[in-house]
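The next block holds one structure in the form of structure tokens; read it before the comments.
The values are calculated or read from the model by the stated rules, or taken from the named source; none is laboratory data. All values reported here derive from a predicted model rather than from experimental measurement. Here Cβ is always computed from backbone atoms with ideal geometry, including for glycine, and neighbour counts include all displayed protein chains. Accessible surface is based on the protein model in full, side chains and every heavy atom, while ligands, DNA and RNA are left aside. Shrake-Rupley method; radii C 1.70, N 1.55, O 1.52, S 1.80 Å.
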Amino acid sequence: MKGNRLEGKIAVVTGAARGIGFGIAEKYAAEGAKVILADVLDCGKESAEKIGPAAEFYKIDLRSRDAIFAMMDYVHETYGRIDVLVNCAGIARPCPSLKLSEEVLDEVIDINMKAPFFCCQAAGRYMRKDGGGSIVNISSGNTRMINVGRLPYGITKGAVNLMTEQLGAEWAIYGIKVNAIAPGWIRTEMVETPLKKGILNADEILSVSPVERFGKVDEIASLACFLACEESDYIVGQVIFADGGWNLGIMPNALNYIKENDKEE
């Protein structure tokens, strides 16, 4: 579905080569934005081509602060402004906490925590000068529902939540709106791979889901579009859990009781 809620906007989406990031970039382009797909993966070029003329691929290693600032300089110099930033790039690196190495911890912190902040900082300086903008950080339902063996992922996404609240409160005076989305179980490659390997079990996941299904990329993309456009201008510093009610914490298979005892007469 095409619209015009982001008509003429310039948007940078990190981690947009695939998954949720690509879904958001595709949605933004459909709503009229020019989108820069920022990713270290070369398949980002094909992703941009799939979207069409409204998309451009920018290869970047987000572990480099200098590279992040250079990218934002390029976007502003090329298009005259930066209206929207989506920090979607992220890695998980599952590992038992007792075996967690400094190298892995540093990698996850660099990409999941430091990179989003430096992207906010680099884009924010232009947004402030140009009269405002919208920032959407992609967090995780794992900040409320613990998933063991993913300590670096959980703590860095928790930091993203606090960064969102801090910057939301601090930057609203500049007309910069900062919010976050915490997705639940979305059928992306990050979820599909461990499902196929047996690391994750679909039945177990769905047994604690009030809606009894996985989420869809376009459901997150639609929310990201809402948070980027003027319709959400009174929403500031919020972390919105888009997880089908997963964070409500129902017991496994709890819905069986309702199904068995609340039948129509």
Selection count where residues are buried (at least 18 other Cβ atoms within 10 Å of the Cβ) and under 25 Å from G23 (Cα atoms), scope region 168-190: 13
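Conditions (1) under 18 Å from K9 (Cβ atoms); (2) touching a residue at least 40 places away in the same chain (Cβ under 8 Å); (3) in contact with a Ser or Thr (Cβ under 7 Å, 6 or more places away or on another chain); (4) not polar (S, T, N, Q), marked per residue:
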site	(1), (2), (3), (4)
G124	yes, yes, no, yes
D130	yes, yes, no, yes
G133	yes, yes, no, yes
S140	no, yes, no, no
I146	no, no, no, yes
V178	yes, yes, yes, yes
W185	no, yes, no, yes
So which of A25, A67, A29 is assigned to a helix (DSSP H, G or I), of a type in the set (G, A, S) and either surrounded by fewer than 20 Cβ atoms within 10 Å (Cβ to Cβ) or without any contact (Cβ under 8 Å) to a residue 24 or more places away in the chain (or both)? A67
May I ask you to say which residue of G154, G158, G124 is in a helix (DSSP H, G or I), open to solvent by less than 70 Å² (accessible area, probe 1.4 Å) and within 20 Å of Y234 (Cα to Cα)? G124
Across region 245-261, which residue is most open to solvent (accessible area, probe 1.4 Å) among those that are out of contact with any Phe, Trp or Tyr (no Cβ under 8 Å at 6 or more places or on another chain) and touching a residue at least 40 places away in the same chain (Cβ under 8 Å)? M251
Considering every residue within region 87-108, establish whether at least one is open to solvent by less than 20 Å² (accessible area, probe 1.4 Å), over 22 Å from E192 (Cβ atoms) and at pLDDT 95 or above. yes
Does any residue of region 34-54 turn out to be of a type in the set (A, V, I, L, M, F, W, C), part of a helix (DSSP H, G or I) and touching a residue at least 40 places away in the same chain (Cβ under 8 Å)? no
Between G215, G154, G158, which is within 30 Å of F118 (Cβ to Cβ), of a type outside the set (A, V, I, L, M, F, W, C) and touching a residue at least 24 places away in the same chain (Cβ under 8 Å)? G215
Considering only helices (runs of 4 or more DSSP H) wholly within region 168-249, the ones with at least 3 residues that are in contact with a helix residue (DSSP H, G or I) (Cβ under 8 Å, 6 or more places away or on another chain) and over 16 Å from M145 (Cα atoms) are 189-197, 217-228
Can you tell which of K34, K50, K99 is of a type outside the set (F, W, Y) and touching a helix residue (DSSP H, G or I) at 6+ places or on another chain (Cβ under 7 Å)? K34
Got a number for residues in region 223-237 being surrounded by 16 or more Cβ atoms within 10 Å (Cβ to Cβ) and either touching a strand residue (DSSP E or B) at 6+ places or on another chain (Cβ under 8 Å) or among the polar types (S, T, N, Q) (or both)? 8
